[in-house]
Amino acid sequence: MKVKEGDKVKFLNNVGGGVVVKLLKNNLVQVRTPDNFEFPVLMDELVVIEDINYNYGVPEAKDPHEKKRIVKPVIVPEPIPEPEEPLEIEPLENSNEKETDEISIYCGFVPKDEDKAVDCDLDFYIINDSNYQIYINMLLPVGNQYESKKRGSLEANTKEFIETFKRDELNQLSVITFQCMYYKFGKFSIKKPQQFELKINPVRFFQSKYYKENDFFDEKAIVFTIYEESGMKEEVNNLTTKDIQKIIKQKEIISPKINQPQVFKKNIDPMTVTEEVDLHIQELVENEAGMSPKEILEVQMSVFERELFDAIDRKNKAVVFIHGVGNGTLKMEIRKALDTKYKHLRYQDASFQEYGYGATMVLLR
């Protein structure tokens, strides 16, 4: 029923009435009763009356057995105030908000004190550099099981602080598992849920050269790629067998096949001719998928012995083998070989400041 300001009305389902003093939103009007009390009432709960002598306070005769409905004033909820403390989710400053369905996920370790990056604790962030919301479950290994460190939604084009890793915890940080599901509000292209394992070389946390300027933080940080989706994948999927064979032949002509694993090796001290060799399997082979632990260890030990011979031939003073912490198998095998096959060589833990507990230095002369 339509009413207007100034109409005299009575309550349809209750005793009394009043005068409409104001029209409100959502089919509400403000009614003033004879005792000057005002409250909002739905228009559908009112009847306009024309009798100017109508007594609002006297109830009409009704059936005593009729059930009476009580009409309560409609309470309009107040707006919810903004939270006083800001959430720890930050928009990415470099986000270009481009219209793309490609997924890019990263994580970053940011030193508490940039000037003492190799000595201080590190803040850990997950970065969603895409236009999809991501429901993410981050897991860390605990023995033969896993512990969830982060569960929940990560908004599009944001980074979120997860936790602070103490310095003495970093040596145990070798792998992080991420389970991801992608979605948007409204219409969007469906993407399959995915799971990723990020393998980390803890030695990086103890060397300042790995803390670099980046697109996500004002400070120098170590940023790892969890997953990057590229439109090139679709092109690869559309290649025929003939196309792939042609590309392989062209690659073999330009770059002959190399049977030996590639080694990350760098002369780190030209004055004393000390080299470092990274024995992490991901640094030695292009893809370790499908390799058994025994096969991985055989490759690592083969590279160890080859690089040790080369360092001796070059008359180097020492060589540092980076084996990581892990379960200690590779470190144990290296020292077992030194104790049995190379008794004339001395060895010791490499610099803790540079490598943590993850490297052995072999003294050659």
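The values are calculated or read from the model by the stated rules, or taken from the named source; none is laboratory data. Since this is a predicted model, take the numbers as computed values, not measurements. Using ideal geometry, Cβ is built from the backbone for each residue, glycine included, and neighbour counts are taken over all protein chains shown. In case anyone asks, the SASA skips ligands and DNA or RNA and just uses the protein heavy atoms, side chains included. Shrake-Rupley method; radii C 1.70, N 1.55, O 1.52, S 1.80 Å.
Phi angles across segment 332-347 convert, under the Karplus curve 6.51 cos²θ - 1.76 cosθ + 1.60 with θ = phi - 60°, into 3J(HN,Hα) values of 5, 5, 4, 6, 5, 5, 5, 6, 9, 9, 10, 5, 6, 9, 9, 8 Hz, Gly and Pro given as x. Both the radius of gyration and Dmax for segment 172-211 are 16.2, 46 Å, in that order, over alpha-carbon atoms.
When the C-alpha to C-alpha distance is required to be over 19 Å, the pairs from 159/220; 150/212; 112/159 that qualify are 150/212.
Scalar couplings 3J(HN,Hα) for segment 26-43, obtained by applying the Karplus form with A = 6.51, B = -1.76, C = 1.60 to θ = phi - 60°, are 6, 6, 10, 9, 8, 10, 9, 7, x, 8, 6, 9, 10, 7, x, 9, 5, 4 Hz; x denotes Gly and Pro.
Sorting the segments 169-176, 198-205, 123-130 by their residues' average number of neighbouring beta-carbon atoms within 10 angstrom, most packed first, yields 123-130, 198-205, 169-176. Per-residue 3J(HN,Hα) values for segment 320-329, derived from phi via the Karplus relation 6.51 cos²θ - 1.76 cosθ + 1.60 with θ = phi - 60°, read 9, 9, 8, 10, x, 9, x, 9, x, 5 Hz in sequence order (x marks Gly and Pro). Each peptide in 217-229, 140-152, 179-191 receives the mean, over its residues, of other Cβ atoms within 10 Å, and ordering these scores from highest gives 217-229, 179-191, 140-152. Net charge in the neighbourhood of residue 335 (other residues with Cβ under 13 Å of its Cβ; Lys, Arg +1, Asp, Glu -1) is +2. Accessible area per residue for segment 127-239, computed on protein heavy atoms with a 1.4 Å probe, is 57 Å².
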